[in-house]
Amino acid sequence: MARKAAKAVGLPSKEAIVAFLTDNPGGGGGKREVGRHFGVKGNAKVALKALLRDMEDEGLIEKAGKRLVPAGQLPSVLVLDIVERDRDGDLIATPASWDEAKGTPPSLEIVQSREKGQAAGIGSRVLARILESREENGHPRARVMKRLNREKPVELGVVRKAADGSLRVMPVEKRKSELLIPKGGDNGAKDGDLVEVTIQKVSRAQSSLGMPRATVERVVGALDNEYAVTTIALHAHGIPHIFANAVLSEADGIVPISKPGKREDWRDLPLITIDPADAKDHDDAVHAVADTDPSNPGGHICTVAIADVASYVTTGSEMDREALKRGNSVYFPDRVVPMLPERISNDLCSLREKEDRPALAVRMVFEASGKKRSHTFHRIFMRSHAKLAYEEAQKAIEGTVSERAADVLDTALKPLWAAYECMLRGRSGRDPLEIHVPERKILLNEDGTVKSVIVPPRLDAHKLIEEFMIQANVAAAETLERKGASLVYRVHDAPTLSKLESLQDFLKSLDMKIAKGTQLRPQHFNGILRAVRETDNEELVNSVVLRSQSQAIYDIQNIGHFGLNLARYAHFTSPIRRYADLTVHRALIAALGLGDGGMTGKQEEQLKDIASDISDLERRAMAAERETKDRLIAQHLAGQIGAEFSARIGGVTKAGLFVTLNETGADGFVPIRELGDEYFHYDEARHLLVGEVSGDGFQMGDQVQVRLV
């Protein structure tokens, strides 16, 4: 049949058909379009159909839906997952589904959509159209047509044994379907195990015969420990937590910087690190001294030195691309998912005690009033003179001096506290937003279960380091602006009108109000917070004011930082764990001519997209961290059904009360039917439920006793 078709009058050659389909990826179409292009008419159409079928059998062409394309060619429109940026900072995507028999899936460069609201970033799933033009590297290019809701295949679930003895997998995401584990596919998993599974691909006919099937790839462990709960969060949010071999090999191959070279040698300056007691990486060190300049009486010179990550992680390297894919480190109660390999974060760029390290430092001069007078940036070679925990530094200042702290008490700690007192005067004049919401910390047993939930004390040592870092971040933004350099700002907008209206309604229920008709500044909120200090409503009002605030993001357009009451602000102090800070380091190195590792022109062009990406990735990390804590607390309370707890009402609705347990911070709901047999009237303005007969009321902010049911 093939030979007869090839000889038919008016039929094009196979080569001509392949060439036509190749040259017309968007308009090649199917049999009809091929016939129309080559002028095939009458009985020759039957012969053309046979010819095309033969070409499919020979692997020359293939079907992409109803269209014909050259074998191996992508269809004109397809669904893509954006997975990374390349060495030039361009977004790279791969097909969302790919037949492994065709080999390695292709990488495509993404051209953003021109339509508002369709911009995509790393982790996005998009519908895209293949463009005819290619980049110099030969990669095909695709333009985003539409952002899609990403449907991840179920990869994580809990094994449950059914009544008939079969094993099922209940997905951790409730909207997903239950899965059946076929005989021999359990990999040793038993009832109650958290497992990673691979969903079996079946034909359309098979899929209608029952629930989908999955085989167990790995048993994560029992569901009631933190490691399993963290794994759920990583999978649910698509957070990469395993470094590729190429990334690890690049990190392992780095030669440490062991000599100052062209850097300023600051090893004799008694810089010290002050961190949590369990910290494994130390990316910032501080120092202060009284200013001896007669023109600045009572002033101080404060230094902040930050690990020089840019000297090891260069733009476009494997580590750089992986860091941008992660955006930031993610912190869980028992482990950290780092942005950079441990070779960098815990070794080469950790400012270890008594070890030489490269760093980027800012030296700031403050007047006695706390106003910053001047600052300069330096690329240095330093040595941390002491590694102290917050509690250790605080106790030393208060008179209980450890052996380690004794060595730097006079040379470092006392001058730091004197400088901090000076900086506090400047902070007080600035009057940033002072919200005090207890940050609960989960302590775990060795088996990963919850031991207790505590609220660690907030020490002056914490506040000192925070203020030093804030001032260093301000200095970075000011310097880059002065140099006319592009940078990623940390911006925080004022509250929206809708949130302000909700806050005003809430405050009315407490016989309080916030000024109307004026441009609100942080000091207006601080007035409210001071009014409830040391009252029963202090924690509640602080929480509600916090919820009324906008979320801080990264952007190349500066609108200032509302919460800190600062005109310009950029993250500079944590390049080990935040990609934003790494871009600021590179910008400073380039703008000030401080050597290698500066911002490239290509990455500078990409800063807008990078700012958008890392803002999204930050929100992803926050959601994963929050959900992990919620799951852990829920598991902790699951064994305490029937127990009573002290709680505070945090919300009132027609349906009942939202409460927060004082001890653990867990949220719960009390249905209105549990409040009593009488009818309750809902007063929305006062956030109040009142019993019609008894007159008993439940209002937002009230302390109550609740029973876990």
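Before moving on, here are some points about what is shown:
- Full extension of the chain between Ala222 and Glu33 gives 62.2 nm of extra length, using 0.36 nm per residue less the Cα-Cα distance.
- FRET efficiency, Glu56 to Ile242 (Cβ-Cβ, R0 41 Å, nearest 0.05): 0.55
- Inter-site label distance for Thr292 and Glu173 at 7 Å from Cα along Cβ, in nm: 6.4
- Counting every alpha-carbon pair across segment 283-423, the share separated by more than 27 Å comes to 35%.
- The chain: C-alpha pair distances exceeding 32 Å, %: 64
- Based on every Cα atom in segment 398-508, Rg and the maximum pairwise Cα distance Dmax equal 20.2, 55 Å.
- Annotation for segment 275-346: trypsin sites (Lys or Arg not before Pro) lying in DSSP loop with at most 14 further Cβ atoms inside 10 Å of their Cβ are Lys280, Arg335.
- Rolling a 1.4 Å probe across the protein heavy atoms gives segment 287-331 an accessible surface of 28 Å² per residue.
- Shape category assigned to segment 415-456 from the gyration tensor of Cα positions, a/c cut at 1.5: oblate
- At q = 0.16, 0.25, 0.26 Å⁻¹, base-10 log of I(q)/I(0) for segment 339-387 (Debye sum, equal scatterers on each alpha carbon): -0.62, -0.90, -0.93
- Plainly put, segment 198-348 has a radius of gyration that is 1.17 times its Kirkwood radius, both from alpha-carbon atoms, as the Rg/Rh ratio.
- Dimensionless Rg/Rh of segment 542-641 - Kirkwood Rh, Rg from C-alpha atoms: 1.12
- In degrees, nearest ten, helix 460-482 long axis to first principal axis of the chain (Cα): 60
- Shape box of segment 632-679 [Cα atoms, principal axes, largest first, Å]: 35, 20, 15
- Largest-first principal axis extents of the Cα set of segment 559-709 (Å): 76, 38, 22
- For segment 451-565: Kirkwood Rh in Å [reciprocal of mean 1/r, alpha carbons]: 16.7
- Helix 497-509 axis, angle to the chain major axis (alpha carbon atoms, nearest 10°): 50
- Normalised contact order of the chain, rounded percent, pairs of Cα under 8 Å and 6 or more residues apart: 10
- Maximal additional length on extending the Lys508-Leu675 stretch stands at 57.7 nm, based on 0.36 nm per residue less the C-alpha distance.
- Shown here: segment 387-431, whose C-alpha atoms stretch 37, 19, 18 Å along the first, second and third principal axes, sorted largest to smallest.
- Rounded to the nearest 20, the size of the Cβ-charge dipole of the chain about its Cα centre is 3380 debye, with Lys and Arg at +1 and Asp and Glu at -1.
- Accessible-area composition of the chain, carbon plus sulfur, in percent [1.4 Å probe]: 48
- The reciprocal of the average 1/r between distinct C-alpha atoms defines the Kirkwood hydrodynamic radius, which for segment 262-342 equals 15.9 Å.
- Helix-only CD estimate at 222 nm, as mean residue ellipticity for the chain, using -39500 (n - 2.57) per DSSP H run (n ≥ 4): -9000 deg cm²/dmol
- If the chain linking Asp88 and Leu500 were pulled fully straight, counting 0.36 nm for each residue of separation and taking away their Cα-Cα distance, it would gain 144.0 nm.
- Pairs spanning more than 26 Å between alpha-carbon atoms, out of Lys387/Lys441; Lys280/Lys371; Lys259/Lys354; Lys280/Lys483; Lys387/Lys463; Lys262/Lys354: Lys280/Lys371; Lys280/Lys483.
- Nearest-0.05 FRET efficiency for Glu481 and Lys262, computed from C-beta distance (R0 22 Å): 0.25
The values are calculated or read from the model by the stated rules, or taken from the named source; none is laboratory data. As the structure is a computational prediction, the values presented were derived from the model and not from experiment. FYI the Cβ positions are ideal-geometry reconstructions off the backbone, even for glycines, and counts take in every protein chain you see. Keep in mind that these areas ignore ligands, DNA and RNA; they rest on the heavy atoms of the full protein, side chains included. Shrake-Rupley method; radii C 1.70, N 1.55, O 1.52, S 1.80 Å.
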